[in-house]
Amino acid sequence: MNLWREFSKGLWRDLPPFRVVLGLCPVLAVTKSAIGGLGMGLAVVFVLTCSNILVSALRHVIPRKVRIASYIVIIASFVVTVELVTQAYMYPLYEMLGIFIPLIVVNCIILGRAEAFASRNGVLASAADGLGIGLGFTMSLTVLGALRELLGAGTLFDKPVMPLIYQEHPFAMMVEAPGAFIALGVLLGLMNAVTATKGT
Amino acid sequence: MNEMVRMVVVLSLICGVCALALSGLRTATAEQIERQILTYLEGPTVRTVLEGAENDLIEDRQKVEIDGKEMTLFVAKRGGEVWGVAYETVGSGFGGDITVMVGYDLTDDELTGVQIVSHKETPGIGSKITMDQYTRSFIGMPLSSDFRLETAGGDLDAITGATYSAQGRAEAVRRSVELYPEVKARLQDEIAEGL
Amino acid sequence: MEYMILIISAVLIKNIVLAQYLGVCPFLGTSKRMDTAVGMGLAVTFVLVIATAVTFWVQKLVLDPLGLGYLQTIGFILVIASLVQFVEMFLKKFVPPLYESLGIFLPLITTNCAVLGTAIMCIRNEYAFGQAVVFAGASALGFTLALILLAGIRDRLSVSPVPRALRGTAIGLIMAGLMALAFNGFVGVDNSLNALMQQ
């Protein structure tokens, strides 16, 4: 089992949410800013990697019939961990991500990987899988967040980047709902075009 | 039967271990979380109403029990001496509870300011109660004032189009003023014991 | 009267999928055809209302009194997952035609952010039980409305010359964005209604 391969597939081939259209809910909501995207991404990396490891470690112990319920308890526990830790040490981030921190538990990516991979593979491979996909997701979120923040507010990580004129009249729609959907759709279309030409 | 038992046992074990771990984490982070909430939510309002305080208002907070309810008193010092206090009270506004932070000058028995901690009023209309121009009038008001809207015969300005919100805020301030004598007495006890 | 404002707000102004970003996965997945859209809309409405009602009492009777507020996430999702199982079994036994038409959508609703999201929102907004149920129903209505609208649009798109790279989910997202833009026009209506009521 090639660990590097398990890790790297999450960075392009199975990149969520573009190549693998899963886990969309938080994508639209937290990508108003680059830091929001980054924060959510890292939270997901944590939950995904930890739950993959635990599910994989217990894969021979959990009876088939209660596996989904067990996965949910495990994933939810890590999500509550994230909730408590961000509340205690990163309060501004906690407020920014708001209701979407608890919603990590229904992020299809995490349950999907637990069922499709972690339940059938070793702990190290599952950890690599979780890390790779999680980091890929983080990349996507941060890029989308940066794009929306740049166009919608003229800043990047809260630092003004665009010229002053733009700052006063930014393309504000980008940080609102319509901009979110459209930006994601355009990015997805771009990725499809790239894939088509590369033939991957 | 064996399968059933195994399912129940495994699931219960997983739930149990997770619950234990989480409650442990919760206990470990509880105090830090409380400090964060105070810093980010109440912090700004306390610092505004107790402007001129030289101490760390969050660290120096006192938890007391008044009328059977636990309250957090934010104590302001200057030159090591206690000069002011601020605490939260709640009133009923249009959209829900309005929580205010009222600051008092202990020597003059006057209000040093009123800030809104949280509310559910209509943005742009009821939310006017948070605006500077509508909270400035509270500064320097003596305790003997009539804390009702002038439309009801009191001393507080009304806010056009936001009657219920203004009433809710007034109610919260009234409750705060009602508690003041006891708060002051308790504080003086604490100072005597070496605050 | 305030229920009316709550309903209008949940359906048009703060539409659960077009403004709150909840339920986007199934929104895109089932809007390709009208019949799947209607099926999902029905299923979501059913589960959302019941789930909100049940989680409300779980919060008030179990989590709050025992000081277990931090276990809200784990508790709610377990309740929802069990609820969906239960509803599946119930429908299969007592209303088979409905069970057949809902098909695979029912189990999928467990991971629908709209359900967990709405349940949590009712607690965070401190709604009373009646408000919570109405809010849930209205949110589901908003979801179904948006879903049916998008399905109608995508029906037309399937016979239009869409660039290859944009076909499928990408163009669906862009269309959803335009819909969100249209719904954006409703922002502020609930504030005006509230102001009218304050006078």
(request) Principal axes first, then extents: for the Cα atoms of chain A, list largest minus smallest coordinate on each axis, whole Å, largest first. (result) 61, 46, 25
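Treat the count of other C-beta atoms within 10 Å as a stand-in for reagent exposure and order A:Val106, C:Val54, A:Val44, A:Val175 from fewest to most.
C:Val54, A:Val175, A:Val44, A:Val106
Treat the count of other C-beta atoms within 10 Å as a stand-in for reagent exposure and order B:Thr45, B:Thr89 from fewest to most. All intermediate terms of the calculation are to be shown ahead of the outcome.
On the way: B:Thr45 24, B:Thr89 20.
Ascending number of Cβ neighbours within 10 Å: B:Thr89, B:Thr45.
Please report the projected area of chain B's Cα convex hull averaged over all directions, in nm².
Working: hull surface 63.2 nm².
Dividing the Cα hull surface by four gives the mean projection, 15.8 nm².
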(request) Tell me, for chain C, which Cys residues have no other cysteine's C-beta sitting closer than 4.7 Å. (result) C:Cys25, C:Cys122
(message) Would region C:1-105 count as rounded, prolate or oblate if I go by the C-alpha gyration tensor, calling it rounded below 1.5 in a/c and otherwise prolate when a/b exceeds b/c, oblate otherwise?
(response) oblate
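In this model, which of B:Lys120/C:Lys14; B:Lys128/C:Lys60; B:Lys184/C:Lys60; C:Lys14/C:Lys92 are farther than 26 Å apart at the alpha-carbon? Let's see the in-between values first.
Working: B:Lys120/C:Lys14 16 Å; B:Lys128/C:Lys60 33 Å; B:Lys184/C:Lys60 36 Å; C:Lys14/C:Lys92 34 Å.
The pairs that break the limit, which is 26 Å between Cα atoms, are B:Lys128/C:Lys60; B:Lys184/C:Lys60; C:Lys14/C:Lys92.
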(message) What's the whole-number percent of alpha carbon pairs in region C:24-186 lying beyond 19 angstrom?
(response) 59 percent
(message) Using a 10 Å cut-off around each Cβ, can you sort A:Ser70, B:Ser127 from fewest to most neighbouring Cβ atoms?
(response) B:Ser127, A:Ser70
(message) I'd like the distance separating the alpha-carbon centroids of region A:152-171 and region C:1-67, in whole Å.
(response) 35 Å
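Each reported figure results from applying straightforward, stated rules to the coordinates on display, with no laboratory input. Keep in mind it's a predicted model, so treat the numbers as computed, not measured. Cβ atoms come from the backbone with ideal geometry, glycine included; neighbour counts cover every protein chain shown.
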